[in-house]
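Since the structure comes first, as structure tokens, the remarks are kept for the end.
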Amino acid sequence: MKTIHNPSEEKQSIELAVGTFIITTVLFIFYIISNENPTVLVIAWPFALAAIIVNIIMLIHLAERFLHLPQQRKEIGVKILMLLSNIPITFFYYLIVMKS
């Protein structure tokens, strides 16, 4: 019996996008509340680097699925946009931290 794979059941990309957004926001708020304590940056930068690597891997995975599953492109495209939406938010946080 052949199993039909439904990409809309894949929740990992949404969980990754939301999870990295929440953790990044919490670290940013903690940095601001702690009066710009550099110790927070020591914790935040390794997380940011790991998040970038994992998000790139997920983006490549979604792009591959987008190309090979034309009938699911709308759902996969939304997941790609959710993943990419973290870039301007994180860049905004970065600008604030560097200006302070």
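What follows draws every value from the coordinates through simple rules; no lab data is involved. Quick caveat: nothing in here was measured; it's all calculated off a predicted structure. FYI the Cβ positions are ideal-geometry reconstructions off the backbone, even for glycines, and counts take in every protein chain you see.
At L59 and F47, where each label point lies 7 Å from the Cα along Cα→Cβ, what is the point-to-point distance in nanometres?
Distance between label points: 2.1 nm.
For helix 86-99, what angle does its Cα long axis make with the longest principal axis of the chain, in degrees from 0 to 90 and rounded to 10?
So the inclination is approximately 10 degrees.
For q values of 0.22 Å⁻¹, compute log₁₀ I(q)/I(0) with the Debye formula on a Cα-only model of the chain, without solvent.
At q = 0.22 Å⁻¹ the computed log10 ratios are -1.09.
By how many degrees, between 0 and 90 and to the nearest 10, does the Cα long axis of helix 38-68 differ from the longest principal axis of the chain?
20
Could you grab the relative contact order for the chain? Cα pairs under 8 Å, six or more apart, rounded to a whole percent. List each step's numbers first, then the result.
On the way: 45 pairs, mean separation 39.6, N = 100.
RCO, the chain: 40 percent.
To the nearest 20 Debye, how big is the dipole of the range 10-100 about its Cα centre, given +1 on the beta carbon of each Lys and Arg and -1 on that of each Asp and Glu? Before the final figure, lay out the partial values.
Values: 6 positive and 5 negative charges, 41 e Å.
Using only the charged Cβ atoms, the result is roughly 200 debye.
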